[in-house]
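Beneath this line is the structure, given in structure tokens, with notes to follow.
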Amino acid sequence: MIIKHNVQLKPYNSFRTKALAKLFCEPATLDELIEVIRTHPHEEKLLLGGGFNLFFTKDFDGLVIKPAMEMVETVFEDEQQVEIEVGAGMEWDALVEHCVGRGYAGLENLSLIPSTVGACPVQNIGAYGAEVSEVITRVKAVNLKSGEVEVFSNEECRFGYRESLFKRHPHYAIASVTFRLSKSFTYREKYTDLNRELEGIPNPTLTQVREAVIRTRTRKLPDYHVLPNAGSFFKNPLLTREEKEELQKILPDAPIYNTGGGRFKTSAAYLIDKAGFKGQRRGQVGTYERHSLVVVNHGTEEGREIVSFAREIQQEVKKRFGVTLEPEVQIF
Ligand code: EPU
């Protein structure tokens, strides 16, 4: 495997910010991944998927590893279910298409999410009422400190909303993910936008659901090839009952979803919108005109400009509504 020096990371993050990686490699097998970790014990390491949920503000003085394993193996199958183990480097939507094409249900609501299979458990990707944690049975990863392979059960992954063990303790290189999918499918109404898109179709098929998700996403979210971005910039805030009541005094129409356990989710997009930021621009950075939660890059290469715009949004939302917005995107 070739290890490259001084690699420009601009093409490897969908925000298109510039940064140099001292070392860069793309292991194509589990053995290559283990080898590069064991032969570089003292280098700081950064795992890169598609670079769709992160951007850089400075050069990276270490080893960037971009796993390139793309196998799909059936590890279990009966009449109702199938379990497939998939290499970390596979493009996420290629896997969704593969599964929908074979009639395997479970990933269709996550169509078109820019991600790779290895990155999907890290932030527990989710959309339209579904999260990938609902169908993951195992994650195989190499411990960056010991160089040993470890296998995590679903429970051990400690999944939460856009959270996991791998996000909290970033010293694992995910090599493969195992999904349990169903061979039968009945559409369940979970998310208003998607239900609306499927109106008039009595029992939508997997393909019809996938197509409806693709239409909804395409309408609302910018294509990073045209307008560089990293999807939702902030998480939807989780509030306590008291915080929720305070917010409702200021914004009685704010969307509130009871997530159980005394926590209430509100909409970051709504708060940013109400703070007057929708479609706003500071220099080369702004929010998307059709979705205020997406920060878009109109032409800068400097990650710091994005950070300073995001701070301005956070401060204004805090000042007006008392709510703290936490980035969903990872900043390096
Ligand atoms: N809204 C506004 N202004 C806007 C856009 C939305 O006020 O400009 C309000 C509306 O009230 C709307 C609500 O926000 O009903 C929710 O909007 P949307 O359905 O687009 O979902 P979201 O909460 O903003 C989340 C995920 C998205 C995912 C969508 C669809 C997070 C941080 N984001 O966004 O995920 O695609 O739901 O399920 O949870 C991502 O993570 O990068 C991502 C795009």
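The values are calculated or read from the model by the stated rules, or taken from the named source; none is laboratory data. Keep in mind it's a predicted model, so treat the numbers as computed, not measured. Quick reminder, even Gly has a Cβ in these numbers, built from the backbone with ideal geometry, and neighbours come from all protein chains shown.
Okay, residues lined up against (1) within 25 Å of Ile331 (Cα to Cα); (2) within 20 Å of the chain's Cα centre (by Cα); (3) not assigned by TED's automatic domain parsing to the domain that holds Phe179; (4) not in a loop (DSSP other than H, G, I, E, B):
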| site | (1), (2), (3), (4) |
| --- | --- |
| Asp61 | yes, no, yes, yes |
| Glu79 | no, no, no, no |
| Gly89 | yes, yes, no, no |
| Cys99 | no, yes, no, yes |
| Ile113 | yes, yes, no, no |
| Ala119 | yes, yes, no, no |
| Val122 | yes, yes, no, no |
| Thr137 | no, yes, no, yes |
| Lys145 | yes, no, no, no |
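Within region 201-214, how many residues are surrounded by fewer than 18 Cβ atoms within 10 Å (Cβ to Cβ) and not in a helix (DSSP H, G or I)?
Of the residues in region 201-214, 4 are surrounded by fewer than 18 Cβ atoms within 10 Å (Cβ to Cβ) and not in a helix (DSSP H, G or I).
Within region 168-209, the set of residues being within 16 Å of the ligand (Cβ to nearest atom) and basic (Lys, Arg) comprises Arg188, Lys190, Arg196. Only residues that are under 20 Å from Gln248 (Cα atoms) and more than 16 Å from the ligand (Cβ to nearest atom) were counted across region 302-322, and they come to 4. Checking each residue in region 171-200 for being under 18 Å from Glu85 (Cα atoms) and outside any strand (DSSP E or B) picks out only Lys183.
Pairs linking a residue in region 219-241 that is small (Gly, Ala, Ser) to a residue that is in a strand (DSSP E or B), with Cβ atoms under 6 Å and 6 or more positions apart or on different chains, are Ser232/Leu293. For region 215-258, a residue qualifies if it is within 12 Å of the ligand (Cβ to nearest atom), assigned to a helix (DSSP H, G or I) and surrounded by 12 or more Cβ atoms within 10 Å (Cβ to Cβ), and the qualifying residues are Thr216, Arg217, Lys220. For region 146-184, filtering for residues that are under 27 Å from Asn258 (Cα atoms) and touching a residue at least 40 places away in the same chain (Cβ under 8 Å) leaves 6. For region 266-279, the candidate set comprises residues that are touching a strand residue (DSSP E or B) at 6+ places or on another chain (Cβ under 6 Å) and among the hydrophobic types (A, V, I, L, M, F, W, C); within that set, the residue that is farthest from the ligand (Cβ to nearest atom) is Phe277. Consider Arg282 against the criteria (1) over 20 Å from Asn53 (Cβ atoms); (2) within 15 Å of the ligand (Cβ to nearest atom); (3) outside the structural domain of Ile125 (by TED's automatic domain parsing): it satisfies all of them except one. Which criterion is unmet? Result: Arg282 fails condition (2) only.
Is it the case, given these coordinates, that Thr287 is in contact (Cβ under 8 Å) with a residue 12 or more places away in the chain, within 19 Å of Lys235 (Cβ to Cβ), surrounded by fewer than 17 Cβ atoms within 10 Å (Cβ to Cβ) and not assigned by TED's automatic domain parsing to the domain that holds Phe15? Taking the combined requirement at face value, the residue does not satisfy it.
Taken as a whole, the structure places Glu148 among residues that are among the acidic types (Asp, Glu), over 27 Å from Tyr224 (Cα atoms) and either more than 16 Å from the ligand (Cβ to nearest atom) or surrounded by fewer than 22 Cβ atoms within 10 Å (Cβ to Cβ) (or both).
Checked against the criterion of being outside any helix (DSSP H, G or I) and surrounded by fewer than 17 Cβ atoms within 10 Å (Cβ to Cβ), the candidates Ala68, Ala28 yield just one match: Ala28.
Regarding Ala21, is this residue assigned to a strand (DSSP E or B) and not assigned by TED's automatic domain parsing to the domain that holds His298? Criteria met by Ala21.
A residue that is β-branched (Val, Ile, Thr) and buried (at least 20 other Cβ atoms within 10 Å of the Cβ) can be found somewhere in region 101-113. Within region 85-96, can one find any residue that is modelled with pLDDT of 95 or more, aromatic (Phe, Trp, Tyr) and touching a Cys at 6+ places or on another chain (Cβ under 7 Å)? So far as region 85-96 goes, yes, one or more of its residues are modelled with pLDDT of 95 or more, aromatic (Phe, Trp, Tyr) and touching a Cys at 6+ places or on another chain (Cβ under 7 Å).
Only one of the numbered conditions (1) near the ligand (Cβ under 9 Å from one of its atoms); (2) outside any helix (DSSP H, G or I) is not met by Gly299, and that is (1). Within region 123-139, residues that are under 17 Å from Gly49 (Cβ atoms) have Cβ atoms under 8 Å from residues that are part of a helix (DSSP H, G or I) and within 7 Å of the ligand (Cβ to nearest atom) in these pairs: Ala127/Arg217, counting only partners at least 6 apart in sequence or on another chain.
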